[in-house]
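Notes to accompany the following structure.
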């Protein structure tokens, strides 16, 4: 066959039904539905998306209403996202020098923690010799917006970018809402107008949905509650005589981005679509409803142990944010969870921006996810569900009433509990924490989380606050307890493994049990393979541990396990015995009768199991 003939070869295009038949054949009788997965948002993910999946929706273009594909027709070509990595220092002068240093290494925004500004008139020293004409701000003022207005009014040179706060987010964090919100928003409107006099281009209203995300909210909830907060500000601004367009133009939405890659891309795309659609409800020009987005890597997914895995997590999250079309991006350093970061971890976080911009070429393509059957349908589903949830909040009287009635808090808690349960059952893998833990990894306990808010609420009405909850904490606390036990007793808590027969027989279940108990900081002591119950009894007599787990193949269990358990319990009645692996009902009953307490398998709640083991081993 000649080359020209090869070029002209075509292959028949298989139909969806043909693909389905082929897949179900490989599944040996199971249906394709078995490959579907359900998300925390209630979305069913299919194993295959084809063009028909996206329906016959209207054609959307980048930079055009409803801005699903981005607010700029040229994407990052004309305006790359701003790297908003907070730069601190022991003094204002040191912070200023640190910022100058990172500006030479890729930072392109002034991003100081508000704590640096909150304690006196430091702004001139923080801004000394900075090129303000080309360098925008991005600072979350966290309740200090009004107090800092005079200082920004006194700045010599151009002031641009984001100097914003989200009062409602601060109220959610502190659990206090002003009883007289009308008076608060009257002052709020004056402050917004004051900043507008400093610079008409400043963004001064932040919609910080990360407070909902960090409490456990799913993508639909985070998006819906964020829209509800934004609408509250629109309504309050109108009451104070501000136009809808002027308020919307001052807004920046700050979304947290977790490790569910495609879900987060869809969330950001859906957010722009819904916000643009709200312009019609307020009879406003949609041009002012181009959503500016700040993305922040998730704190919920951060881990204490195997902390360098956080680099992979945040890189994945930042990648999703960039694909989703953001304008501002903050990447938490890999040791952020400890409350203290290092120059090295901050450098890695900053360089992640550069790698994404310079080495992935995503800045060369406008809306890289556009046209993906999967992403487009997921965007539609998230948008529809978020709009429905938004309407529920609106029907409850708006976001403030929903918070006072504990509706928002209860819904978020329900989702977080599902996430924590799946992590406990290890349906959701947290590398280095609930799966593949490194027993040699030693960490210090993090500083107690503090609410970093400077908002002052007069005559407050109390609500249930929404606090940061990390999914890995349930395992980390167990492991920290084991570490404290080891420090005070000279050795870690241990369980014994009674291995049956040959290495190939018991190794798979030994590895499983070792991995499970290591997630709680428990070490194992294994026998060398017991071929008789006498050998097992001798091993237990030698090691003298309070808890043992029998490990072997199903065949070995059938031949030896019942006798081993019975003899060990007869010799050491106080010893607790587990068996690795789920067994047939008849064998399980026989082993339980012989003295087995419980069977440890893939459906075991690992967090509960480890808690039980540590308690039995005397670990407080």
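The values are calculated or read from the model by the stated rules, or taken from the named source; none is laboratory data. This is a predicted model, so every value here is computed, not measured. With ideal geometry, Cβ positions are generated from the backbone for all residues, glycine too; neighbour counts draw on all protein chains shown.
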(request) Quick one: residue 599 ticks every box in (1) buried (at least 16 other Cβ atoms within 10 Å of the Cβ); (2) without any contact (Cβ under 8 Å) to a residue 60 or more places away in the chain; (3) not in a strand (DSSP E or B) except a single one, so which number is it? (result) (3)
(request) Would you be able to tell me the number of residues in the range 322-351 that are assigned to a helix (DSSP H, G or I) and within 21 Å of residue 472 (Cβ to Cβ)? (result) 6
(message) Take residue 416 and tell me if it is assigned by TED's automatic domain parsing to the domain that holds residue 271 and either more than 24 Å from residue 178 (Cβ to Cβ) or at pLDDT below 95 (or both).
(response) yes
(message) Being surrounded by fewer than 24 Cβ atoms within 10 Å (Cβ to Cβ) and in the same structural domain as residue 278 (by TED's automatic domain parsing) narrows it down to one residue among 326, 331, 362, 382; which is it?
(response) 362
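For every residue, the table says whether it meets (1) surrounded by fewer than 19 Cβ atoms within 10 Å (Cβ to Cβ); (2) modelled with pLDDT under 95.
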residue: 338; (1), (2): yes, yes
residue: 356; (1), (2): no, no
residue: 371; (1), (2): yes, yes
residue: 374; (1), (2): yes, no
residue: 378; (1), (2): no, no
(request) Name every residue in the range 136-184 that is surrounded by fewer than 20 Cβ atoms within 10 Å (Cβ to Cβ), touching a residue at least 60 places away in the same chain (Cβ under 8 Å) and assigned to a loop (DSSP other than H, G, I, E, B), in order of residue number. (result) 175, 179, 180
(message) Based on this model, can you work out whether residue 194 counts as at pLDDT 95 or above, under 26 Å from the mean Cα position of the chain (by Cα) and either assigned to a helix (DSSP H, G or I) or under 18 Å from residue 408 (Cβ atoms) (or both)?
(response) no
(request) Would you check if residue 194 is touching a helix residue (DSSP H, G or I) at 6+ places or on another chain (Cβ under 9 Å) and at positive phi? (result) no
(message) Are there helices (runs of 4 or more DSSP H) fully within the range 439-557 with at least 1 residues that are surrounded by fewer than 18 Cβ atoms within 10 Å (Cβ to Cβ) and under 36 Å from the mean Cα position of the chain (by Cα)? List them.
(response) 473-489, 503-518
(request) Would you confirm whether any residue within the range 210-217 is free of Cβ contacts under 8 Å to residues at least 60 places away in the same chain and crowded, with 16+ Cβ neighbours inside 10 Å? (result) no
(request) Consider residue 566 carefully, then state whether it is surrounded by fewer than 21 Cβ atoms within 10 Å (Cβ to Cβ), modelled with pLDDT of 95 or more and over 39 Å from the mean Cα position of the chain (by Cα). (result) yes
(request) State all residues of the range 273-321 that are in a helix (DSSP H, G or I) and more than 25 Å from the chain's Cα centre (by Cα); if no residue qualifies, say none. (result) 276, 277, 278, 279, 280, 281, 286, 287, 288, 289
(request) Check 61, 99 and return the single one that is in a helix (DSSP H, G or I) and more than 25 Å from the chain's Cα centre (by Cα). (result) 99
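To keep it simple, each residue is scored yes or no on (1) closer than 24 Å to residue 288 by Cα; (2) surrounded by 13 or more Cβ atoms within 10 Å (Cβ to Cβ).
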position	(1), (2)
71	yes, yes
74	yes, no
77	yes, no
81	yes, yes
89	no, yes
92	no, yes
99	no, yes
106	no, yes
110	no, yes
(message) What's the total number of residues in the range 512-536 that are more than 13 Å from residue 550 (Cβ to Cβ) and in contact with a strand residue (DSSP E or B) (Cβ under 9 Å, 6 or more places away or on another chain)?
(response) 11
